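The block underneath contains the structure these notes are about, expressed in structure tokens.
Every number in this text was worked out from the coordinates using simple rules, so none of it is lab data. All figures in this text were calculated on a predicted structure; none of them were measured in a lab. Counting neighbours? That spans all protein chains shown, and the Cβs are built from the backbone with ideal geometry, glycine included.
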Amino acid sequence: MAELFIPTDHEIFQIKPGYRTGLPVMIGVHSTVLGPAVGGLRIKHYDDSATAISDVLRLSQAMTVKAAAIDNGTGGGKTVVPLPSGFTLTPQIKEAILLDVADQVHSLDGTYHVAPDVGTGPADIDIIRRRTPFAGGYSKEAGGAGGTTFGTYVGVDTAIRATVGSVLQKTSMKGLRVSIVGLGGIGTLLAKDYAKEGAILTVADIDQSRKALAEEIGAKWVTPEEAMLESCDVLAPCALGGVLTHEIVPQLSAHIICGAANNQLTNEDIADALLARNIVYVPDFIANAGGVMYATGIELHHRTEQGSEKHTRDGIKRNVELVLDVSKTDKISTHVAAVDLALTRLKAASSHVSQR
Ligand code: NAD
């Protein structure tokens, strides 16, 4: 049984049974100080309720920090619908869950906008939008950003290039050794780009069918464990979180770590261990913030696709350079520098709100 972590600083935390399914809908609105809370809907199996509750609270808080760090005019929220183990999710039940979530989100009156996350995509958000306008990351056919994958790729690519420029003084990926762990939506886009540009690529995925892509783009195919330890200029974790542990840090042979996966550090002090080894780690919530930036850029801030991509690239580049600069000057880890950046922006906005 997971230990239950209940922070007390959420504006809203509610668990209500869905009207149609009876399944619990857990919604956390951590902060609306900077704007409406935005955060994904996670529909997945959980072993116990405590883990699901921890997820909704922890992830909504993390969304506040991410949104503050990118100055996005949005706050942090999250929804989790935990499926009991052994529960079979049919298309009919999924639609009923989505409509239950939609009704509950709508009752919050715009305080919170739901988006895709694990187990949900743009087509699911289209269903939610039948009952509430407070939903983002919907399909292009419906006039939306078409999910968050493209924006997240844009952000991670920008973060990698900004770090390569700052640390290695290179303006192109040509000749750089890049190791990508996870060839899903984002890892694939990065791998194809860098192969075209002449990078020397190593790639890995637990899904053996992805080996065909490695062959197509001339990348070395290895196991995920080997890819993590590959001697390279850039290591891009694009599969799961929790990959940077105290055990692995001494074995790493990368100059820069920058990828899409959430919560890459198993513990915050691992950022110090990376600093001590002179490995430049770009905090995940800085590198992977492009999805929410790009989608809200189009859907909430009404930018064009090109305008939103430019805004995303400019914002991520500025943040990465700032975090690397503060880390170097103050001799603190990039993780601490990034959290400080987010909290400073949040405090400035809070005092602005309280003075109104
Ligand atoms: P995805 O599901 O399309 O791809 C993930 C890939 O990782 C899959 O191909 C899967 O087979 C592979 N994988 C799973 N476990 C693995 C392991 N142990 N070792 C190696 N490969 C493994 O996901 P994505 O959209 O490409 O996102 C990549 C990561 O970035 C995920 O962790 C996701 O949570 C995170 N992220 C995504 C977004 C987004 O908008 N898509 C935003 C923020 C963070």
Amide H proximity to Ser31 below 5 Å, modelled H, separation 5+ or other chain, gives Glu11, Gly76
Short version: ³J(HN,Hα) in whole Hz for each residue of the stretch 314-329, in order, from phi by Karplus 6.51 cos²θ - 1.76 cosθ + 1.60 (θ = phi - 60°), x for Gly and Pro, what are they? 4, x, 5, 4, 4, 5, 4, 5, 5, 5, 5, 5, 5, 4, 5, 5
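Quick one: compute the contact order of the chain, relative version, from alpha carbon pairs under 8 angstrom and 6+ residues apart, as a percent. Don't skip to the end; give the middle numbers.
Details: 762 pairs, mean separation 54.9, N = 356.
Computed value for the chain: 15 percent relative contact order.
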Would you mind checking which residues have amide H under 5 Å from Arg42's amide H? H placed 1.01 Å from N; only 5 or more apart, or other chain. Thr79, Val80, Val81
Within the P(r) computed for the chain, what percentage of the Cα pairs occupies the region above 40 Å? 11
Pairs Lys170/Lys196; Lys211/Lys317; Lys16/Lys78; Lys174/Lys220; Lys16/Lys44; Lys174/Lys331: which are spaced more than 21 Å apart, C-alpha to C-alpha? Lys211/Lys317; Lys174/Lys331
Evaluate E = 1/(1 + (r/R0)^6) for Ala123 and Lys196, where r is the Cβ-Cβ distance and R0 equals 22 Å; express this FRET efficiency to the nearest 0.05. 0.15
Vicinal HN-Hα couplings computed from phi for the stretch 293-310 (Karplus, 6.51 cos²θ - 1.76 cosθ + 1.60; Hz; Gly/Pro x): 5, 5, 5, 5, x, 7, 8, 9, 9, 6, 8, 6, 4, 5, x, 6, 5, 5
Rounded if a/c is under 1.5, else prolate if a/b is larger than b/c, else oblate: which is the stretch 202-356, with a ≥ b ≥ c the root eigenvalues of its Cα gyration tensor? oblate
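I'd like to know how the stretch 214-305 sits against the 2.2 N^0.38 Å rule of thumb: what's its Cα Rg over that expected value? Display every interim value, and only then the final one.
Details: Rg = 15.6 Å, N = 92, 2.2 N^0.38 = 12.3 Å.
That ratio works out to 1.27.
Loop-only chymotrypsin sites (Phe, Trp or Tyr not before Pro) in the stretch 11-62, please: DSSP not H, G, I, E or B, and at most 12 other Cβ atoms within 10 Å.
On the way: sites: Phe13, Tyr19, Tyr46; in loops: Tyr19, Tyr46.
Listed in order of number, the matching sites are Tyr19.
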Going residue by residue through the stretch 127-141, the Karplus relation 6.51 cos²θ - 1.76 cosθ + 1.60 with θ = phi - 60° gives ³J(HN,Hα) values, rounded to whole Hz and with x marking Gly or Pro, of 5, 4, 5, 5, 10, 8, x, 8, 8, x, x, 7, 6, 5, 4
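Please return the longest stretch of the chain lacking exposed loop sites, where GluC sites (Glu not before Pro) count only if DSSP places them in a loop and at most 11 other Cβ atoms lie within 10 Å.
Details: sites that count: Glu3, Glu141, Glu247, Glu268.
The segment 4-140 is the longest one with no such site.
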